[in-house]
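Here's the structure we're looking at; comments come further down.
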Amino acid sequence: RVNAQKFTITNQIGSKFHSEWKWNKLSELEWLGQFRDISERVFVERAIRESERRFKSLSMHAMEGIAFLDDQVIVDVNEQFARLVGVHQVEEVVGKSIHAYIKERDWRRISARAQFGSLCEIEITTTGGYLVHLEVTMTESIEEGSKRQVLLMYDITERKRTELDLLQ
């Protein structure tokens, strides 16, 4: 059984660094140990956590609905996406197929335009039965053998109503 403990150490000139001490008892009289500086690892882990926090905050406050998909299955969404499709909690959509919210015909149009980064206008019916007009764009990537997508949706319902009013 390997034992480990982490320390913050101050050296002779006053600089602090993070270290890890690992040891293993080999026999009643023998121990094997390793002491190493893990400052860079600690710094990188903190930077990653801070970056994830900032990204999560940005996506949660975005005006666009954002969905992260793995082979068309919803992995994560922001609150605006949940509002656009008519659900109260983000957790209600995670794990579902995107086709629960976007018609297959519209999904093919969005996918075709993704190669060019162009927008696609679609209509969806929310879970509450309301018609919503959306401007949608998607980017795709292959990660670890899976096709992943990021879907951005912007509500243009008011704009569509105004256009219709102007035509009448």
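Here GLN89, GLN72 are screened, and the one residue that is surrounded by fewer than 18 Cβ atoms within 10 Å (Cβ to Cβ), in contact with a helix residue (DSSP H, G or I) (Cβ under 6 Å, 6 or more places away or on another chain) and either closer than 27 Å to LYS56 by Cβ or without any contact (Cβ under 8 Å) to a residue 24 or more places away in the chain (or both) is GLN72. Candidates ALA82, ALA62: the one that is of a type in the set (A, V, I, L, M) and open to solvent by less than 20 Å² (accessible area, probe 1.4 Å) is ALA82.
Scanning region 151-161 for any residue that is out of contact with any Cys (no Cβ under 8 Å at 6 or more places or on another chain), assigned to a loop (DSSP other than H, G, I, E, B) and acidic (Asp, Glu) turns up nothing. In this structure, is SER19 surrounded by 14 or more Cβ atoms within 10 Å (Cβ to Cβ) and either in a strand (DSSP E or B) or of a type in the set (Ser, Thr, Tyr) (or both)? The answer is yes for SER19. Report yes if ASP37 is of a type in the set (Asp, Glu), touching a Lys or Arg at 6+ places or on another chain (Cβ under 8 Å) and surrounded by 10 or more Cβ atoms within 10 Å (Cβ to Cβ), otherwise no. Answer is no for this residue. Within region 33-62, residues that are assigned to a loop (DSSP other than H, G, I, E, B) sit with their Cβ atoms under 9 Å from residues that are basic (Lys, Arg), at 6+ positions apart or across chains, in these pairs: ILE38/LYS6.
The values are calculated or read from the model by the stated rules, or taken from the named source; none is laboratory data. Note that the structure is predicted; figures quoted are calculated from it, not measured. Cβ coordinates were reconstructed from backbone atoms using ideal geometry, including for glycine residues, and neighbour counts include every protein chain displayed. Surface accessibility is based on the protein's heavy atoms, side chains included, excluding ligands, DNA and RNA. Shrake-Rupley method; radii C 1.70, N 1.55, O 1.52, S 1.80 Å.
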